[in-house]
Every structure is written in C-alpha cells, then in structure tokens.
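Notes follow once the structure below has been shown.
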Amino acid sequence: MAEDQPVESPEEFRTRVAAWYAANATPRQETDPWAVNLQTDPAEAAKHFETSRQWQAKLADAGLMGLAWPAEYGGGGGPGWMTRIEREISRDYEEYTGFAGATTAMLGPALLRHASEEQKQTFLPALLSARLTFCQLFSEPGAGSDLASLGTRAVRDGDEFVLNGQKVWNSAAQFCDWAFVLVRTDPDAPKHRGITFLLLDMKSPGVEVRPLVQINRATHFNEVFLTDVRVPVANVIGEINEGWSVARTVLANEAAFIGGGPKAPASDNLRSLARESGADKHPVLRQSLADLITRERVVGWMGEQIQAAIRRGEMPPMDPGLIKLMTADIRARSGTLAMELRGAAGLAGDEPETFWAQSELVGRFAISIGGGTNEVLRNNLGERALGLPREPGFSKDQPWKDIPR
Ligand SMILES: Cc1cc2nc3c(=O)[nH]c(=O)nc-3n(C[C@H](O)[C@H](O)[C@H](O)COP(=O)(O)OP(=O)(O)OC[C@H]3O[C@@H](n4cnc5c(N)ncnc54)[C@H](O)[C@@H]3O)c2cc1C
C-alpha cells in the first residue's frame with residue numbers, strides 16, 4: 001500500500017472492495033449458470049478478449065490489480081491477505097480478467113524475480129493494467145513435455161537477436177501485443193543451458209500467427225512462425241543462455257494459477273443437475289457429488305496456501321504441480337459426473353444444461369495437457385517431492401546440437 005494511504009484492516013478492506021464490486025460488476029446470480037465460455041466466431045473471440053482486457057484495466061484503475069505487488073511497479077504494495085479477500089469477493093461476480101489476468105499471474109512474478117530494474121519499470125505497470133498483453137511462445141512441434149529440447153534459433157547480430165523457428169499451441173497469440181519466448185542461443189551447450197528468455201513485440205516484421213481451428217470450431221491456439229525476426233538484446237530477461245530458470249519461474253506460477261481453478265466451482269451446476277434429476281437421493285451419485293465437493297474445497301485451500309507463499313516471495317509449502325494435477329483430476333471427475341447426471345439427454349439433447357455437461361466432459365483435456373501433462377507432472381512430483389530416482393535422460397549433458405531429433 002502506498003505510504004500516504006492509511007493502513008486498512010481486513011474488514012475495512014473487504015467492505016470497500018465489496019462496495020466497489022457491487023457498484024461496478026454483475027452479480028453471478030443474474031447471469032446464466034449454464035453459459036459456456038466458447039467463441040467459435042473470430043470476431044466474437046476478439047471481442048471477448050478485449051472485454052476481459054478492459055475489465056483488468058478497470059480493476060487496475062481502481063487499485064485492485066497487483067494488490068501485493070511493489071508499489072514502484074504499479075502494484076498496491078499491500079499485505080498478501082488483500083489479494084485473497086479480493087479474489088473471494090470477485091468470485092461472486094461475472095466479470096473476469098481472462099487471458100490477460102492469467103498471463104499477469106504467470107509472467108509478473110518472473111519479471112519481478114529476473115528482470116532488470118529498467119525492464120520492471122517498463123513492463124510491470126503495462127502488464128498489470130493490461131495496456132500490453134502477452135502470449136506464451138514456449139511449445140514447438142518437437143518440444144512440448146520436453147520443452148528444453150526446443151529449437152527456435154536466435155543468432156546475435158550486434159544489439160539484436162535474429163529469430164527463426166516455429167512455435168505451436170500458443171493461446172491467444174492472435175490477440176496479444178507482446179510475447180515471452182524461449183529461444184536457442186547456444187546450440188553447443190547442453191539443452192537446458194543454451195536457452196534465452198526474450199520479450200517480443202508481436203508486431204515485429206517476420207512474425208506470422210496462424211490460428212488453429214479445434215474440433216469445437218473455436219480457435220484458442222495458434223501456430224506462430226518466426227522468420228528473421230529482430231529482437232533487441234535489451235529484451236532478454238535474466239542472462240543470455242540462462243533462460244531456463246526464468247522459464248521455470250513462469251511454469252511454476254502457471255501451474256499454481258491453473259490449479260487456482262475456475263471462478264465458479266463445477267459443483268454448483270452439478271448440484272442443480274442432481275436436484276433436477278432426483279439424483280440427490282441416489283446413494284451412489286450423492287456420494288460422488290459429496291466426494292467432488294470435498295476435493296474442490298481441499299484443492300482450493302491448498303491453492304490459497306501456495307498463492308500466499310508466492311505473494312510473500314517464499315517457497316510454496318507444496319509443489320504447485322500437485323494442485324494442478326488435483327484440479328485436472330477434479331475436472332475429469334466433474335465431466336463424467338455431469339454426463340451421468342444428465343443421462344441420455346447428455347448425449348442427444350440441445351438444452352443449455354446438455355451443452356454445459358458436454359463441454360465439461362471434453363474440457364478436461366485443456367487442463368490435463370496445458371501447462372504440463374498429468375503424466376509429466378507425476379514424474380516431476382515423484383522426483384521432486386518423493387525423491388524417486390530421476391527419469392533416465394540420455395541427452396541431459398549432451399550438446400543440444402548433437403541430440404538426435
Ligand atoms: C489448453 C492449452 C493451452 C496451451 N497454451 C500454450 C501456450 O500458450 N503456449 C505454449 O507454448 N504452449 C501451450 N500449450 C502447449 C502445452 O504446454 C503442451 O501441449 C504440453 O506441454 C504437452 O506437450 P505436447 O503437446 O508436445 O505433448 P508431448 O510432449 O508430445 O506428449 C505426448 C504424450 O506423451 C506423454 N509424455 C511425454 N513425455 C513423457 C514422459 N517423460 N513420461 C511420461 N509421459 C510422457 C505426455 O504426457 C502426453 O500424453 C497449451 C496446451 C493446452 C492443452
């Protein structure tokens with residue numbers, strides 16, 4: 001909190017923020033609980049992106065973004081509980097910060113930790129206010145789970161790097177102003193050691209974004225082709241060839257953010273479905289519903305503990321990957337349960353409830369793959385948290401250029 005502002009108690013803060021939301025946002029009860037966040041028309045998708053960006057800008061204007069971030073970079077400089085209270089209140093309202101908010105949660109802590117003072121001054125306020133939006137250009141056709149094998153090359157030419165390569169699965173890249181990108185700057189070094197983390201202006205000549213049309217006709221992802229793209233060396237975050245540690249900060253925060261789960265728990269709708277179908281009296285379905293609600297609560301509390309530690313700049317009390325894994329498991333269970341509760345209508349009906357249940361069923365893959373697959377997270381947890389032997393990695397110490405591809 002800025003020095004000239006009086007220090008508020010948690011109760012005063014809650015009252016102030018609740019009043020702001022009541023005056024500026026739409027209560028969730030007034031909106032359709034079965035609405036599915038899916039835009040199949042590119043113009044609609046662009047509008048949706050812009051609406052969330054504007055909502056974040058409005059929150060930032062009201063001093064409600066980055067409540068615990070340092071004040072010198074546009075944050076509130078307040079204690080961590082402010083973020084938690086704001087998040088609790090915002091859950092009851094319809095508006096959300098969408099992709100811009102997700103990137104702020106992923107990239108912000110990485111910039112705070114690894115960027116130069118000048119970069120922090122330039123990019124952090126723009127990130128918080130969503131004046132600039134950033135997409136993530138990490139994955140490549142040959143580098144997903146094994147991200148460190150990425151091959152997009154960046155060759156230094158004076159004060160610039162020249163980038164050539166292809167990225168894929170880049171969410172919202174068609175809308176974002178900037179990107180954070182991982183590139184190979186030293187092919188002679190082992191794969192984790194020759195990577196650099198750069199900020200890239202998506203309007204740079206040579207950047208081509210091609211949306212990928214999914215089976216549900218939405219275009220959440222893109223392929224991004226980089227051909228002789230020039231990026232100033234000044235845009236390197238951290239050290240040249242040391243980008244892997246910056247990427248790890250992003251990935252840890254991504255897992256923690258995804259693990260934070262959706263604003264509205266799926267169990268709200270599942271309860272309605274159970275009541276409508278009489279399944280709330282069915283002993284087995286009732287049990288499944290109670291099990292799901294319990295898991296939602298537990299993972300929510302665990303997520304709060306992790307977020308609080310991140311805000312305090314401490315090591316999280318548990319691996320954020322665990323939360324993401326549990327959230328993916330809950331999402332899979334809720335999709336299955338939604339279809340069970342909907343019964344035959346879940347397959348053939350055209351009611352909003354059916355569409356919601358179907359989208360819950362297939363939506364499981366976004367979370368069980370995005371931000372690291374379940375299988376890879378289990379490997380990581382086995383090694384990091386349980387101390388199991390490391391996966392055999394024949395290429396770990398080999399120069400990247402000698403690894404067969
Ligand atoms: C919704 C969503 C959003 C995404 N957004 C972005 C984005 O904005 N930017 C970006 O750069 N990327 C993004 N991605 C890509 C995502 O990070 C990758 O899909 C993910 O890391 C997996 O990589 P892959 O698709 O290449 O699969 P692969 O790595 O090829 O994996 C294929 C299968 O093999 C399994 N597997 C691989 N290695 C192992 C192993 N060592 N042990 C056991 N099993 C293994 C995997 O679990 C998986 O089942 C997104 C993905 C999704 C689904």
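Would you calculate a helix-derived [θ] at 222 nm for the chain, using -39,500 (n - 2.57) for each DSSP H run of n ≥ 4 and dividing by the full residue count, to the nearest 500?
Details: 13 runs with 187 residues, N = 405.
Counting only the DSSP helices, I get -15000 deg cm²/dmol.
Which order do His192, His282 fall in if you start with the one that has the fewest other Cβ atoms within 10 Å?
On the way: His192 19, His282 15.
In increasing order of surrounding Cβ atoms, one gets His282, His192.
Place a point 7 Å from Cα of Thr26 in the direction of its Cβ. Which residues in the stretch 101-118 have their backbone N less than 19 Å from it?
From the stretch 101-118, the list is 101.
Under a point spin-label approximation (7 Å from Cα along Cα-to-Cβ), what is the Glu72-Val284 distance to one decimal in nm?
6.2 nm
Over the stretch 10-133, one equal point on each Cα, no solvent: what is log10 I(q)/I(0) by the Debye formula at q = 0.12, 0.15, 0.17, 0.18 Å⁻¹?
-0.48, -0.74, -0.92, -1.01
For Val207, Val246, Val298, what's the fewest-to-most ordering of other Cβ within 10 Å of each Cβ?
Details: Val207 19, Val246 25, Val298 13.
In order of increasing Cβ crowding within 10 Å: Val298, Val207, Val246.
Using 0.36 nm per residue of separation minus the Cα-Cα distance, give me the extension gain between Ala385 and Ala46 in nm, one decimal.
Working: separation 339, 0.36 × 339 = 122.04 nm, distance 4.07 nm.
Additional length available on full extension: 118.0 nm.
Normalising by the residue count of the stretch 260-384, find the relative contact order in percent from Cα pairs under 8 Å and 6+ residues apart.
Numbers: 113 pairs, mean separation 31.8, N = 125.
25 percent.
Show me, for the stretch 187-204, the HN-Hα J-couplings you get by feeding each phi into the Karplus relation (A = 6.51, B = -1.76, C = 1.60, θ = phi - 60°), rounded to Hz, glycine and proline as x.
x, 7, 7, x, 4, 6, 9, x, 9, 10, 9, 10, 9, 10, 6, 5, 8, 4
Tell me the Kirkwood hydrodynamic radius of the chain in angstroms, computed as one over the mean inverse distance between distinct C-alpha pairs.
Details: mean 1/r = 0.0441 Å⁻¹.
Result for the chain, one decimal place: 22.7 Å.
Could you work out how much longer the chain between Ser9 and Leu347 gets when fully extended? Use 0.36 nm per residue separation minus the Cα distance between them, nm to one decimal.
Numbers: separation 338, 0.36 × 338 = 121.68 nm, distance 5.10 nm.
Contour length minus the Cα-Cα distance gives 116.6 nm.
Starting from the Cα gyration tensor of the stretch 135-241, take the square roots of the eigenvalues, sort them a ≥ b ≥ c, and report rounded, prolate or oblate (rounded when a/c is under 1.5, otherwise prolate if a/b is larger than b/c, else oblate).
Oblate shape, in that a/c is at least 1.5 and b/c is the bigger or equal ratio.
Hey, fewest Cβ within 10 Å first, where do Phe365, Phe99 land in order? It would help to have the intermediate numbers written out before the result.
Working: Phe365 14, Phe99 21.
Ranking Phe365, Phe99 by Cβ neighbours within 10 Å, fewest first, gives Phe365, Phe99.
Taking the Cα of Thr227, stepping 7 Å toward and past its beta carbon, and measuring to each backbone N in the stretch 155-174: which are under 13 Å?
Label zone hits: 164-166.
Using a Gaussian network model of the chain with C-alpha springs under 10 Å, which one of Lys47, Lys324, Lys120 is most mobile by mean-square fluctuation?
Maximum among the listed residues: Lys47.
Evaluate the distance, in nm, between pseudo-label points positioned 7 Å from the Cα of Asp177 and of Val376 along their respective Cα→Cβ axes.
The two pseudo-label positions are separated by 3.0 nm.
In the neighborhood of Gly206, defined by Cβ-to-Cβ distances under 15 Å, what is the net charge if each Lys or Arg adds +1 and each Asp or Glu adds -1?
In short, -1.
Here, each number is a calculation from the coordinates, and none is a lab measurement. All values reported here derive from a predicted model rather than from experimental measurement. Note that each Cβ is placed from the backbone with ideal geometry, even for glycine, and that neighbours are counted across all protein chains shown.
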